[in-house]
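The values are calculated or read from the model by the stated rules, or taken from the named source; none is laboratory data. Worth saying up front: this structure is predicted, and the values here are computed from it rather than measured. All Cβ positions, glycine included, derive from the backbone under ideal geometry; neighbour counts span all protein chains shown. Note: accessible area is taken over every heavy atom of the protein model, side chains too, but ligands, DNA and RNA are not part of it. Shrake-Rupley method; radii C 1.70, N 1.55, O 1.52, S 1.80 Å.
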Amino acid sequence: QDEEKWDFILVSDIHEAGSEKEIKRKKFLDELSKKGFTIKKIEDKKLFYGVRAPKQIFQKYQGLLRKPDNRLQNPNVHQDVPATTRIRIVNFILQNTTTPDLEKLHDLMKKKVFEATFPLHEKEEVREFLNEKWARWRGIFCQQPIEKIRCYFGEKVALYFAWLGWYTYLLGIAAVVGTVVFVAGITVFSSSQVSKEICEASNTIMCPLCDQNCSFWLLSDTCTYAKVTHMIDNEGTVLFAMFMAIWATVFLELWKRQRATVVTKWDLYRWDEEEEELAMELINNLQHEPQQYQHSYFRSTIILLLVLLMIAVLIGIAHALVIYRVIAMALFTQSNFAFLHEQANTIAVMTGAILHYITIVIMTKVNRHVALYLCDLEKPRTFSQRENNFTVKIFTFQFFTNFSSLIYIAFFLGRINGHPGNYVRIAGKWRLEECHPSGCITDLFIQMAIIMLLKQTISNMVEYLVPWIAYKLRKKQQRPKKRRMILGEEEEAEDPCKRQWLSNYQLNEVNIFSLFDEFLEMVIQYSFTTIFVAAFPLAPLLAFCNNLFEIRLDAIKMMRLCRRMVPRKANDIGIWLHVLEAIGILAVIGNGLVIAITSDFIPMQVYKYTYSPCMTENNTGVDCSTGYINHSLSIFRIQDFEPYTNGEPGLAPTGLCCRYRDYRNADDYSYTVQFWHIFAARLAFLILFEHVALCVKLIAAWYVPDVPQLVKNQLLDRKHSNLREELRWVMPQKV
């Protein structure tokens, strides 16, 4: 039965006899035959070639990469090679076999000589177990069989699922804390002194929010908005942001321990990827010379400039979204529909967020092509180096694609728009948006909520439905032909391999980036969960719920909808760990900036401890934030409006001035002393928060060792026993 097991399948169209494609195909298959490969041909609508490598190849591999102690104890014994190792070695040889025309499989596939290459989903016990216990929605809360995943898909896929499971497990803790903070915000929904003041401010007339058809409005009209803002922007959020900075560090440190335990069990702790790659090259071609390390400063400079240019383009797209919001706001306020007119700002924010999601979907595809092109320019030495370079570039591009708009809302919205009588305008016409009197944090909350919900619903549905529909369509197309073959050519249809090869061919194609895409999706989600979590405490909860489904979704895709991935050996998640550590530092900076700049936490504390009734009068019964709203609004004289401001006066006659959110003098509109007090307090808090959070991160990293003592002791005992065994072999020779 083992004789009928095939390592790889090559699929080709049926070309005309004597055509260039047919000759190229024959040359490639001849090269494989010279290396001792067994080749079996089956003809259907396509040509299928099953290839099986000779045993000597795997014996060479075992001989080259066997541990010294094994070599000493049993120099002639060759154990069976695991299926994952067989597939990996055969794939390497297929990809690196060169025809007399100096063409490799990659070139032949570009020229349509071969259409597809893939290893088979075998009908084996491990596969049945994974299909039954792992790739099922009912197992959503069950532990993953990492050992079985490794036996079927290799170490790299197993480590991805081990990492994703561990991340989801610890997200549960962050989700609980985030939900508690959010619920606590809801409980103080109406009890906040600030929102109470806004709701009671029926005499406070605010300046119009746009130039045309916008009336003066009462501050009390935005009572609900103020309550929602305080639900997010309260003292609990500050503590939660600090907690998430520590959580990110502890998560990574605990993952390092988990990874060390897993790879030690697999005997891969000291595994060397470069040695593995060199061994495979020598097995494929004994005359192979290793490619030397090279570095070109000129090439690096060109690539750096191109990366910066791409980042500038992505920031430009974020600017375009800002312009859309400004113009949409102006158009909605001029609308005849009462709902659009009244809710212009909220609708502009929400449609802007949906547009941002669409740009993310489109730019993800563009970013991939640009990153691949830059990797080709770099000419990396090995596949793993190429993968690392690609990872750094695509993550950088994706980060700016996802976060440029959020950065604008968090740190620039309402801070660069000028003031009544002297607004900053786009093209001298449309004035920039301004924040609500209770702060800009709700805009950031809405933007993050919409993007996360859309990414986790639409993106996941597309991720599952597209391969499912594609698989069903391919299966349907093949079915009539199969029936005809059974009726017409009974003896060929009986070939036991044919049905298996066809059913595997009907599955969706996988490529080297299939697993990479899953990692990227999760790392971007991790960024959303940590970087702006101060504005969106529900982010960990949404991520946790998403990941419970994501694990099973990926499992079902890999087991039933896609061809078998080529297993890859690994002892870590690679450069993704460095990316996650960078996100951890960005999370500290991002949350510090959100609390210091976006939130009203600092202005409120400055008011409480400097200007409030508690400080100016000996009145202990009064809430210290009483009078904060009045204190945070400046006065503007209506006659100082720009000449082309065509508002609807409405409430104006009762007083010749209106209020706006800022700290400016009423006579010359220059900044007040309070503004500089708050500015200094923001800066001081930012420095203090970031230093404290980074110190706590460093202490947490030191406190939790990367490698458990048990693993260290196992490695120590193994080294000791190896040396003793070697000494036993050396001593008799001396005697």
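The table below gives the values:
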| item | result |
| --- | --- |
| Residue in segment 302-313 that is open to solvent by 60 Å² or more (accessible area, probe 1.4 Å), out of contact with any Phe, Trp or Tyr (no Cβ under 7 Å at 6 or more places or on another chain) and outside any helix (DSSP H, G or I) present | no |
| Residue check, Tyr611 under 25 Å from Thr442 (Cα atoms) and over 35 Å from the mean Cα position of the chain (by Cα) | no |
| Boolean, Leu406 is open to solvent by less than 10 Å² (accessible area, probe 1.4 Å) and either more than 25 Å from the chain's Cα centre (by Cα) or touching a residue at least 60 places away in the same chain (Cβ under 8 Å) (or both) | yes |
| Residue match in segment 583-598 (condition: without any contact (Cβ under 8 Å) to a residue 60 or more places away in the chain, under 30 Å from Ile87 (Cα atoms) and either touching a helix residue (DSSP H, G or I) at 6+ places or on another chain (Cβ under 8 Å) or of a type outside the set (Val, Ile, Thr) (or both)) | no |
| Of all residues in segment 334-375 being among the polar types (S, T, N, Q) and within 28 Å of Phe399 (Cβ to Cβ), the one that is least open to solvent (accessible area, probe 1.4 Å) | Asn367 |
| Segment 501-532, subset touching a Leu at 6+ places or on another chain (Cβ under 7 Å), within 22 Å of Pro467 (Cα to Cα) and not hydrophobic (A, V, I, L, M, F, W, C), residue surrounded by the most Cβ atoms within 10 Å (Cβ to Cβ) | Asn504 |
| Selected residue (criterion: farthest from Arg661 (Cα to Cα)) from residues of segment 376-386 that are open to solvent by 30 Å² or more (accessible area, probe 1.4 Å) and part of a helix (DSSP H, G or I) | Phe383 |
| Test: residue in segment 388-396 that is open to solvent by less than 30 Å² (accessible area, probe 1.4 Å) and either at positive phi or modelled with pLDDT under 90 (or both) | no |
| Residue that is farthest from Thr530 (Cα to Cα) [pool: residues in segment 228-239 that are more than 27 Å from the chain's Cα centre (by Cα) and open to solvent by less than 20 Å² (accessible area, probe 1.4 Å)] | Thr229 |
| Scope segment 269-285; condition assigned to a loop (DSSP other than H, G, I, E, B) and modelled with pLDDT of 80 or more; matching residues | Tyr269, Arg270, Trp271, Asp272 |
| Yes/no for Phe243 being aromatic (Phe, Trp, Tyr), part of a helix (DSSP H, G or I) and free of Cβ contacts under 8 Å to residues at least 12 places away in the same chain | no |
| Any pair with Cβ under 6 angstrom, 6 or more apart, that starts in segment 95-119 at a residue that is over 25 Å from Phe153 (Cβ atoms) and ends at one that is modelled with pLDDT under 90 and open to solvent by 70 Å² or more (accessible area, probe 1.4 Å) | Thr98/Lys104; Val113/Lys21 |
| Segment 90-108: number of residues that are open to solvent by less than 30 Å² (accessible area, probe 1.4 Å) and either in a loop (DSSP other than H, G, I, E, B) or at positive phi (or both) | 3 |
| Those residues of segment 227-265 which are hydroxyl-bearing (Ser, Thr, Tyr) and closer than 21 Å to Ile595 by Cβ, in sequence order | Thr229, Thr237, Thr249 |
| Flag for Ala320 being surrounded by fewer than 16 Cβ atoms within 10 Å (Cβ to Cβ), of a type in the set (Gly, Ala, Ser), under 24 Å from the mean Cα position of the chain (by Cα) and over 30 Å from Trp576 (Cβ atoms) | yes |
| Single condition Cys214 does not satisfy, out of (1) in contact with a Ser or Thr (Cβ under 8 Å, 6 or more places away or on another chain); (2) in contact (Cβ under 8 Å) with a residue 12 or more places away in the chain; (3) assigned to a helix (DSSP H, G or I) | (3) |
| Checklist (1) of a type outside the set (A, V, I, L, M, F, W, C); (2) over 30 Å from Ser215 (Cβ atoms); (3) touching a residue at least 12 places away in the same chain (Cβ under 8 Å) applied to Gln334, failing item | (2) |
| Of the criteria (1) in contact (Cβ under 8 Å) with a residue 12 or more places away in the chain; (2) closer than 30 Å to Tyr293 by Cα, which one His369 fails | (1) |
| Candidate set: segment 286-301, residues that are open to solvent by less than 70 Å² (accessible area, probe 1.4 Å) and in a loop (DSSP other than H, G, I, E, B); chosen: the one farthest from Gln56 (Cα to Cα) | Ser296 |
| Conditions (1) in contact with a Ser or Thr (Cβ under 9 Å, 6 or more places away or on another chain); (2) at pLDDT 90 or above; (3) aliphatic (A, V, I, L, M): number failed by Val704 | (2) |
| Pairs with Cβ under 7 Å, 6+ apart, first in segment 559-575 and under 11 Å from Phe153 (Cβ atoms), second small (Gly, Ala, Ser) and assigned to a helix (DSSP H, G or I) | Met565/Ser514 |
| Which numbered condition Arg661 fails, given (1) open to solvent by less than 50 Å² (accessible area, probe 1.4 Å); (2) in contact with a strand residue (DSSP E or B) (Cβ under 7 Å, 6 or more places away or on another chain) | (1) |
| Residue within segment 637-653 that is open to solvent by 70 Å² or more (accessible area, probe 1.4 Å), modelled with pLDDT under 90 and either under 43 Å from the mean Cα position of the chain (by Cα) or farther than 23 Å from Arg431 by Cβ (or both) present | yes |
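Here is a yes/no grid of residues against (1) assigned to a loop (DSSP other than H, G, I, E, B); (2) surrounded by fewer than 16 Cβ atoms within 10 Å (Cβ to Cβ); (3) aliphatic (A, V, I, L, M); (4) touching a strand residue (DSSP E or B) at 6+ places or on another chain (Cβ under 9 Å):
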residue: Val126; (1), (2), (3), (4): no, no, yes, no
residue: Leu130; (1), (2), (3), (4): no, no, yes, no
residue: Ile149; (1), (2), (3), (4): no, no, yes, no
residue: Ile173; (1), (2), (3), (4): no, yes, yes, no
residue: Val180; (1), (2), (3), (4): no, yes, yes, no
residue: Asn203; (1), (2), (3), (4): yes, yes, no, yes
residue: Pro208; (1), (2), (3), (4): yes, no, no, yes
residue: Cys223; (1), (2), (3), (4): no, no, no, no
residue: Ala226; (1), (2), (3), (4): no, no, yes, yes
